[in-house]
Structure formats: C-alpha cells, structure tokens
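The values are calculated or read from the model by the stated rules, or taken from the named source; none is laboratory data. All figures in this text were calculated on a predicted structure; none of them were measured in a lab. Cβ placement follows ideal geometry from the backbone for every residue including glycine, while neighbour counts extend to all protein chains displayed. Ligands, DNA and RNA are stripped out before the accessible areas are found, and what is left, the full protein with its side chains, is counted by its heavy atoms. Shrake-Rupley method; radii C 1.70, N 1.55, O 1.52, S 1.80 Å.
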Amino acid sequence: MRVISSRRTPAVAAAAMVALGVIAGPAHARGDQDASQPLPRVSASVETPSLFDDEAGGNANADDPAIWRNAKDPDRSLVIATAKEGGLRVYDLDGRQVQSLPAPAPTADGDMPGRFNNVDLITGLRFPDGRHDVAVVSDRGRDQLRIYRIDPKRPTAPLVDVTDESAAPLVFSTGQEEVNEQRTAYGLAAYIDRRSGRSYAVTSRRHATALALAELLPNARGKVGYRTVRTTPLPSSFTLPNGKSWAPCGEPGEEPQVEGMVVDPDTGDLYAGQEDIGIWKLDADLRSPARLVEKVRSFGVPGTWNAETEECDAGADPGFGGRHISADVEGLTIWRDPGQPGRRGYLLASSQGDDTFAVFDREHGNAYVRGFRVGDGTGPGSPDGSQECDGAAVTTAPLGRKFPNGLLVVQDGHNTPATTGPDGEARTDTDFKFVDLGRLKRATGL
C-alpha cells in the first residue's frame, strides 16, 4: 500500500550507511537503459476471470501467483494464486479456473476470517510415503501457514488441504486478540535447503519489519505442520549520507513492511522487498546480515502523515534514492537461465508505483539490466495490461504447447474494462495476466 503519492525523476544514487550497521549497495550499475527512451512493452496472451473485492464477489482480490509445472504432462501445468478473503484459485494454462478453495472461517464470532496473502511452492516435499509437491500459503487473517498437496490425478480438484491443525501455531501473534489486530503473516517464500534437504517457509509480518523462518514438518498421517526456527527484524530507520536520520512516512504506529519475497534456489539467497525502502538480500536461513541491494526512488524523501487524506505529504527529494523502482517494490521472482544452471539469469521485481517491472542480473552483483511494461494487447478481445502489480511468478521451463518457452504470470490491480455493480459504482476488479516468455524475450532482448 503506497502512502506517498508523489513521483520523482531519477537521481544519481549514493551509498548509504543505514541503521543496525547494514550498508546500502549502489542503486545504479552497468546496463542502465537510456532514461529518455520508453521501456519496451509486452502484452499478455491470457488473462484469468475477474475477481471482485465486494460481497457479491466473495471479497476476492487477486494478489500473488505461483506456477506449478506438471513434469509428466506440461500442458496440464497450473497457476495457483491467492485471492485474499476469497481463498485460493487454481487456473489452467488457458486461464480457466479449475478449482476454488475458501479461506478458513473465523475461529469464533468477532474474530478475523482467513485471508490468503502470498503463495509459493515446494517441489518434492518429503512425506513418509514419498515426495509430493505442495503449495504453501500465508494466512494473513489468522496468522498461520496453510499447506496444500498438489495431486495431478485430480484434474478438477488438484489441491488438497493437508495442514496439520494441531501443529500450525500462530506465526507472530501471542493470541487471538493480537491476531485480530492483523499484524500477521504477510509475504512468503518457500524453499528446500540445499545442504539438509529440509523444507522451509520465510514469512514477513504485516505493518512490521520482522521476518520469520518456519520449518515444514510432514507427519505419518500425510499432514504438514510447522515450527518457527527463528525471527529477525529488518531496519525501519536509516542514516542518510547527509547525516540525517530518515524513516519512510506511514500511518502512525506502522513500520515499513515486507511483502514480495523469493529464495534463489541456486544460491540460497533470500530477496525481500521492503515496500517503501527497497530490496534486501540475505541468507534464507536468516542468519546473515541483510544488504540493501536496490533502493526505491523515494528512499530518503521526508514525509508527513496527513490525517485528512490518510496519505503522506512528501517533502523535497534529497536525491538519495534508487533509479529503477517506484514504491512499492512488490512481487519478486527468479528467472533461471535454462541453458546455464547456477547463478545465470535474473531477479524480476514489480515496480508498483509506475506500473513497470525491473530486471536485475543474478550473476553480476544484482546489477540492473533493464525494465519493461506489460501493456494492453492490440487485437480484438486481447487482455489489458498490468497496473499496480502485487505479485509475480516466472518459469523458464517449457509448459507444453501453450507456453513452450516458459511463462511469466503477473497480478493486475486494475483490470479493464471497468465493471459496475447494481448501484452503479465501480467494482474493484483484479486478475492475473499470463505472458509468454518467448514474447517477452523478443520484446526486451533478455
């Protein structure tokens, strides 16, 4: 959620010493595009049905996608996506919904209902009867994780809830009263540790800077619980090069939160997008210091909370921000080079504030490579573009005849054409766009 609405022109970034002794990395590097030239555009070939965040639509609001590849039949691969209070949606590669799973009901009257925020996949979670692929979801409403086994033998209902209710503790809260305040599990990234083979999920906390590491624990009954291993905070205030202390403006009592996260499977690095600050890089086990490898453009801009507008009034830009991402920094995803395993490929980030995507090099210190937009299609009935994108997922693996070169899925926060309800008011309309990776490569030269 962006609270400073002002836009700024790119400025030369400066390295900054920040709170807790973490040093911000350079905000610009080799490969920068000419700022005077428009970013390349690519259009989606598929879009999913509209989700409406109102009572008639089941309070469903598209947020975060994950791509599951059916190794035995890639044409039957799936996109699994969160819809907040609307639960989970599962789509085929034509964008058709094949399954809808509700979020959990409130535990008692007056308590918050389930609200699915982010989703990620574990390929080959080790169960007693063998390995199974699972989707891991952060339940922001109830401050828990939920786990769904993916069963390719059930084409119309492939996801099966295998959460062990007796071993699914609150992630951050001390009790239901605190859960109801909704400083709960928010962003999520799941991974298998390369050394131990154990499976983990990293979650962030809404309106706070904390990250938590949870180990997934399958049991003999085919259920999956989890335990919290450790937590760590990211900074909330920073010392700028001019010696002044700065913290991003926000609603009183709220700290700068993290949502978009991804673990690089080849390096074990966690990338965490702190929405109004930038992209942090640290070990996925949360043991290492965090490095700020990319700052948002508004980094260092002072702001004052305006209670009337419920936004921040921005002051003069001192020029300490980055050049490539307009807050919020949102969906992060890893683009692996299929021909060169290891560090080759890219980190993609949603630049929500200007409706673009930024591409960073995995191999050369996360240097910026280029940006692009997902724009409107040109043919009759073509999908519109992506605006204010929350979540993104990419795979370079071939997905059958539909996407033989791989697939990028992005959330669209303002699906068009606009839809109105019976009272004539516009409905909040969101969905997901499927972008052919071959088309994106041709458009961007990646």
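Comparison of LEU145, LEU170 shows that the only residue that is outside any strand (DSSP E or B), among the hydrophobic types (A, V, I, L, M, F, W, C) and surrounded by 15 or more Cβ atoms within 10 Å (Cβ to Cβ) is LEU170. Applying the condition of being assigned to a strand (DSSP E or B) and closer than 21 Å to SER351 by Cβ to segment 296-330 and asking which residue is most open to solvent (accessible area, probe 1.4 Å) yields GLU311. Consider segment 394-438 and keep the residues that are under 19 Å from GLY331 (Cβ atoms) and open to solvent by 50 Å² or more (accessible area, probe 1.4 Å). The one that is modelled with the highest pLDDT is HIS414. With respect to the conditions (1) assigned to a strand (DSSP E or B); (2) more than 20 Å from THR333 (Cβ to Cβ), GLY260 falls short on a single one, namely (2). Of all residues in segment 82-103, those satisfying the criterion of being hydrophobic (A, V, I, L, M, F, W, C) and over 18 Å from ARG154 (Cβ atoms) are ALA83, ALA103. Tell me which residues, restricted to segment 54-90, are of a type in the set (A, V, I, L, M, F, W, C), farther than 21 Å from GLU425 by Cα and not in a loop (DSSP other than H, G, I, E, B). Within segment 54-90, ALA66, ILE67, TRP68, LEU78, VAL79, ILE80, ALA81, LEU88, VAL90 meet the criteria.
Considering only residues that are part of a strand (DSSP E or B) and open to solvent by 10 Å² or more (accessible area, probe 1.4 Å), look in segment 200-213 and name the one that is nearest to GLY124 (Cα to Cα).
Our first condition is that a residue be part of a strand (DSSP E or B); within segment 200-213, this holds for 200-205, 210-213.
Now drop any that are not open to solvent by 10 Å² or more (accessible area, probe 1.4 Å), which leaves 200, 205, 210.
Numbers: TYR200: 12, ARG205: 27, ALA210: 28 Å.
So the residue we want is TYR200.
Screening segment 273-295 for residues that are farther than 17 Å from PRO248 by Cα and of a type in the set (Gly, Ala, Ser) and picking the one that is surrounded by the fewest Cβ atoms within 10 Å (Cβ to Cβ) gives SER288. Within segment 100-126, the residues that satisfy the criterion of being surrounded by fewer than 18 Cβ atoms within 10 Å (Cβ to Cβ) and either under 19 Å from the mean Cα position of the chain (by Cα) or in a strand (DSSP E or B) (or both) are SER100, THR123, GLY124, ARG126. Taking the conditions (1) farther than 25 Å from LEU347 by Cα; (2) without any contact (Cβ under 8 Å) to a residue 12 or more places away in the chain; (3) part of a loop (DSSP other than H, G, I, E, B) in turn, ARG183 satisfies each one other than (2). Is it the case that segment 333-343 has a residue that's buried (at least 18 other Cβ atoms within 10 Å of the Cβ), more than 21 Å from GLY438 (Cβ to Cβ) and either out of contact with any helix residue (DSSP H, G or I) (no Cβ under 6 Å at 6 or more places or on another chain) or not hydroxyl-bearing (Ser, Thr, Tyr) (or both)? For segment 333-343, residues buried (at least 18 other Cβ atoms within 10 Å of the Cβ), more than 21 Å from GLY438 (Cβ to Cβ) and either out of contact with any helix residue (DSSP H, G or I) (no Cβ under 6 Å at 6 or more places or on another chain) or not hydroxyl-bearing (Ser, Thr, Tyr) (or both): absent.
Residue pairs whose Cβ atoms lie under 6 Å apart, separated by 6 or more positions or on different chains, with the first residue in segment 130-145 and closer than 16 Å to ALA108 by Cα and the second among the polar types (S, T, N, Q) and open to solvent by 10 Å² or more (accessible area, probe 1.4 Å), are ASP143/SER173.
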